[in-house]
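Chemist: Below: one structure in structure tokens.
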Amino acid sequence: MKNTLETRLGIFFALALIAATLILEMVGGTDFFKRGSTVRARFNSVQELKEGDPVKMAGVQIGRVETIALADNKVEVVMKLTRRDQVRTDSKATIKFVGLLGQHYVAIDFGTQAAPLATADTLLQSIEPVDMSTIMVKLDSVATGVENLTKSFGGDTIQNLLGPFTDFLKENRPKLSAALDNLTNISTQIAKGEGTIGRLIYDDTLHQSALNTLTNFNRTADDLRGTIAEARGVVDQVNAGAGTLGKLVKDETLYRETASAMTQAREILQKINQGQGSVGKLVNDESLFKNVKLTLQKVEKATEGLEDQGPLSVLGIVVNSLF
């Protein structure tokens with residue numbers, strides 16, 4: 001009987017211990033029965049992050065915060081991960097929160113595929129979380145500014161701002177009405193296709209003319225593009241040394257021959273200017289010029305009696321005139 005009671009008490013305490021462990025795991029985030037490894041990250045401040053808060057990757061929970069402690073003027077967060085197969089050595093950890101007053105958690109990104117997978121106790125790079133106190137101060141400043149702005153727009157202020165505009169409308173009501181009437185008439189004429197603007201909008205002839213103009217412009221542009229392409233082809237041929245112009249530009253032999261011909265022509269002109277050779281004497285010898293001129297005069301006199309003389313007489317006259 002005694003052994004039976006002790007056995008029941010033992011079973012009861014064992015079940016109570018198991019139940020307590022399960023409750024701690026579900027409520028407090030303690031992972032007694034889950035295998036995993038730890039990674040670390042260091043921050044200047046962890047805000048309101050607590051032990052047991054979740055660790056997420058792309059919104060999926062992969063672990064929990066195991067410990068938070070000071071280390072080397074930083075706050076070191078040790079995270080126990082149930083899945084480490086997606087965490088890499090260049091993954092970055094940061095602290096985020098759900099809403100202004102929501103739960104904090106550690107978010108880890110994927111890193112790069114080229115980086116190796118993180119090993120146990122790897123120290124991850126960290127991104128400092130947003131300082132909530134700074135945000136609250138800025139929000140308070142914005143709220144104060146909005147409040148001051150709304151206070152400044154009292155009844156007198158609004159009246160001072162809108163008063164001149166209201167007076168302007170009252171003074172110019174007839175002119176404004178006339179202007180609105182004119183705008184109404186103009187819009188009516190345009191809707192009926194009257195006037196220049198109306199015809200531009202509704203006249204098919206003008207529309208077709210505009211289309212023809214655009215078509216001609218496109219054709220001209222196509223022709224211009226074709227001309228440019230042909231010119232580019234000619235330039236390419238010249239650069240390649242093809243054709244007469246290409247040979248003139250690229251052929252060194254032809255260039256040397258042309259240069260040699262120019263040199264020879266320059267030498268011939270120099271000799272002519274110096275009176276050398278037959279052409280030089282013709283150009284520079286004054287006596288030879290006079291003889292040629294005298295001969296031409298004799299030929300001219302000899303031809304004056306050609307009409308009245310026979311062939312033999314003409315030949316005799318020419319010979320006597322020349323010699």
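Taken together, the values in this text are just the output of simple stated rules run on the coordinates, not laboratory data. If you're wondering where the values come from, they're calculated on a predicted model, not measured in any experiment. For neighbour counting, all protein chains shown are included, and Cβ atoms are generated from backbone atoms with ideal geometry for every residue, glycine included.
Chemist: From the phi angles alone, apply the Karplus equation (6.51, -1.76, 1.60; θ = phi - 60°) to the range 74-85 and give each ³J(HN,Hα) in whole Hz, x where the residue is Gly or Pro.
Modeler: 10, 10, 8, 10, 9, 10, 9, 9, 7, 9, 10, 6
Chemist: Counting only residues 5 or more places away or on other chains, whose amide H sits under 5 Å from the amide H of Leu124 once H atoms are built in the peptide plane?
Modeler: Excluding prolines and chain starts, which carry no amide H, the hits are Arg40, Ala41.
Chemist: In terms of the Cα gyration tensor, with a ≥ b ≥ c the square roots of its eigenvalues, is the range 167-297 rounded because a/c is under 1.5, prolate because a/b exceeds b/c, or oblate?
Modeler: prolate
Chemist: Something else: Can you flag which of Lys74/Lys96; Lys56/Lys138; Lys281/Lys301; Lys56/Lys92; Lys96/Lys138; Lys50/Lys80 are past 23 Å Cα-Cα?
Modeler: Lys56/Lys138; Lys281/Lys301
Chemist: Once label points are set 7 Å from the Cα along Cα→Cβ at both Arg232 and Glu147, what is their separation, rounded to one decimal in nm?
Modeler: The two pseudo-label positions are separated by 6.9 nm.
Chemist: For Arg88, what residues show an amide H to amide H distance below 5 Å, using hydrogens built from the backbone and excluding near sequence neighbours?
Modeler: Ala118
Chemist: Continuing with this model, one more query. Short version: ³J(HN,Hα) in whole Hz for each residue of the range 110-119, in order, from phi by Karplus 6.51 cos²θ - 1.76 cosθ + 1.60 (θ = phi - 60°), x for Gly and Pro, what are they?
Modeler: 6, x, 10, 5, 6, 6, x, 5, 5, 9
Chemist: Can you list the residues, at least 5 places off or on another chain, whose amide H is less than 5 Å from the amide H of Gly193, using H built in the peptide plane?
Modeler: Long-range HN contacts for Gly193: none found.
Chemist: If I model a spin label at Arg83 and Ser177 as a point 7 Å from the Cα along the Cα→Cβ vector, what separation in nanometres do I get?
Modeler: 7.5 nm
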